[in-house]
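The values are calculated or read from the model by the stated rules, or taken from the named source; none is laboratory data. This one's a predicted model, so the numbers in the text were calculated from it and none came from an experiment. Cβ atoms come from the backbone with ideal geometry, glycine included; neighbour counts cover every protein chain shown. Remember, those area values only see protein heavy atoms, side chains included, never the ligands or the DNA or RNA. Shrake-Rupley method; radii C 1.70, N 1.55, O 1.52, S 1.80 Å.
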Amino acid sequence: MISSFHSKTPSDWRAAAAKASRGERLSAAEGEALYACEDLPLLSALATSRRREINGDKVFYNRNFHIEPTNVCVNHCVFCSYRRQAGAAGSWEYSIDDILELCRPYAGQPVTEVHIVGGVHPERDIYFYASLLRAVKQCLPQVTIKAFTAVEVDYMARKAGWSYEKSLSLLKENGLEAMPGGGAEIFDDTVRRRLCPDKTGADAWLQIHETAHRLGIRTNATMLFGHIETPAHRIDHLLRLRELQDKTGGFDAFIPLKYKSRNNLLGVSGEVSTEEVLRNFAVCRLVLDNIPHLKAYWPMLGKEVMQRALSFGADDIDGTIDDSTKIYSMAGADEQHPTLTVEELENYVSAAGYRAVERNTFYNGEWRVENGEWAGAGG
Ligand code: V47
Ligand code: SF4
């Protein structure tokens with residue numbers, strides 16, 4: 001049951017903060033109370049203490065790039081600034097050869113991950129995506145492929161008439177090693193009906209991630225916030241993820257995605273304040289006590305807010321990106337050509353008082369490059 005945010009009083013959030021400071025698991029009502037907390041330094045201190053228990057003084061980053069195979073999509077999410085009709089101005093539909101063109105410049109480079117996500121193209125099927133994975137892996141054998149939201153996988157499976165297990169197994173055999181967290185939006189059905197009426201529902205999203213975890217495919221999770229949802233909807237979303245993580249342990253990172261308001265049909269023109277973004281990071285860190293990493297995704301947040309999020313529980317700043325994603329620039333993000341060098345990423349981290357650690361997709365080992373060569377896991 002989703003309760004009302006306005007019923008939370010200072011004594012409610014003080015009690016919730018005291019419980020969080022004891023490291024105890026928070027209930028839905030306590031999570032909601034924290035969203036009413038006006039004491040931002042208190043939330044920062046609590047989230048920092050929690051992130052230090054989990055990740056010490058480390059802030060992770062990676063060397064990555066994105067491929068967005070198409071922005072043609074069967075769905076009509078009203079917050080999406082990126083989708084186009086096939087053939088319309090601004091649409092693209094890359095062939096496998098086009099995708100290989102995008103990959104070739106990275107051959108021999110110390111990039112460790114490619115993130116592949118796009119629209120749900122009506123004419124593409126699971127065999128196309130399996131061939132795409134095979135081609136990318138052949139071109140870039142040293143690069144981990146993190147690909148396809150649960151929404152894309154759902155469409156592939158339904159089109160093939162296959163179970164999620166059979167579909168994900170085929171993708172895994174062809175090179176899928178991890179999955180990103182997109183498509184989760186807000187799980188609550190009433191919000192989902194307004195935001196993304198024809199998109200894969202919450203139960204299917206969770207089922208696909210559960211199946212991936214069972215097959216040994218690690219995944220991320222996201223939450224799109226700052227539009228029409230209430231704090232109670234956010235908490236409901238976090239608790240459904242926490243419950244699945246208790247069961248499988250298969251989520252590596254959680255990424256709160258701030259709604260960007262330009263060029264879409266949602267009709268919410270303002271965006272939430274930086275204070276609310278930071279409060280949300282802290283509450284996510286405290287409520288989602290079993291997902292190890294909390295990512296501040298800088299192409300969406302901007303670099304300064306990303307850096308401030310490190311004081312509100314975030315321990316991951318994603319990666320170099322190399323101007324390879326359009327989802328946020330098309331929605332009006334400040335970062336119109338997102339690219340950061342390793343040195344710049346490390347400087348943001350050290351200026352915030354943390355230790356920058358290059359990671360691979362699975363956060364297992366501290367990956368280093370020395371003299372342009374892989375030196376493997378370091379100390
Ligand atoms: O699901 C679309 C979001 C997501 C807008 O797993 C928007 O490491 C804000 O999932 N304003 C896709 N957000 C991106 C994604 C992601 C990004 C970075 C890292 C990872 C990861 C995953 O983009 C969609 C949707 O929630 N999105 N439109 C918008 N106007
Ligand atoms: Fe399609 Fe994704 Fe945009 Fe929704 S958010 S319309 S599924 S591209």
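Table for the structure above
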{"item": "Rounded to 5, percent antiparallel among DSSP beta bridges of the range 228-379", "result": "60"}
{"item": "Spin-label model distance (nm) - Glu210 vs Ser27, 7 Å beyond Cα toward Cβ", "result": "2.5"}
{"item": "Under 16 Å from Lys8, Cα to Cα: lysines that are on another chain or at least 8 residues apart", "result": "Lys19"}
{"item": "Exposure rule at most 15 other beta-carbon atoms within 10 Å, DSSP loop chymotrypsin sites (Phe, Trp or Tyr not before Pro): the chain longest free segment", "result": "163-361"}
{"item": "At 0.692 mPa s and 37 °C, Stokes diffusion of the chain via Kirkwood alpha-carbon radius, µm² per second", "result": "156"}
{"item": "Heavy-atom accessible area per residue - the range 27-154, 1.4 Å, Å²", "result": "37"}
{"item": "Proximal aspartates and glutamates to Lys159, defined as alpha-carbon separation beneath 14 angstrom and excluding residues fewer than eight positions away on the same chain", "result": "Glu123, Asp125"}
{"item": "Candidates Glu275, Glu229, Glu68, ranked by Gaussian network fluctuation over the chain, Cα under 10 Å, top entry", "result": "Glu275"}
{"item": "Within the chain, longest stretch clear of exposed trypsin sites (Lys or Arg not before Pro) (DSSP loop, no more than 14 other Cβ within 10 Å)", "result": "26-261"}
{"item": "Pairwise centroid distance, computed over Cα atoms, of the range 240-316 with the range 66-98, Å", "result": "25"}
{"item": "Extreme residue, positive dipole direction of the range 39-375, given options Asn280, Thr211, Ala178 (C-beta unit charges)", "result": "Thr211"}
{"item": "Unit charges on C-beta of K, R, D, E only; dipole of the chain, Debye", "result": "580"}
{"item": "Carbon and sulfur %, accessible surface of the chain computed with the full protein complex present, 1.4 Å", "result": "49"}
{"item": "Greater than 20 Å apart at Cα, pairs in Lys58/Lys258; Lys58/Lys303; Lys146/Lys295; Lys258/Lys295", "result": "Lys58/Lys258"}
{"item": "DSSP-defined antiparallel bridges as percent of all bridges, the chain, nearest 5", "result": "20"}
{"item": "Cα gyration tensor shape for the range 103-158, rounded if a/c is under 1.5, else prolate or oblate", "result": "prolate"}
{"item": "Magnitude of the charge dipole, the range 78-158, Cβ model with Lys/Arg +1 and Asp/Glu -1, debye to 20", "result": "140"}
{"item": "Top of Pro110, Pro231, Pro41 by mean-square fluctuation, Gaussian network on the chain, Cα under 10 Å", "result": "Pro41"}
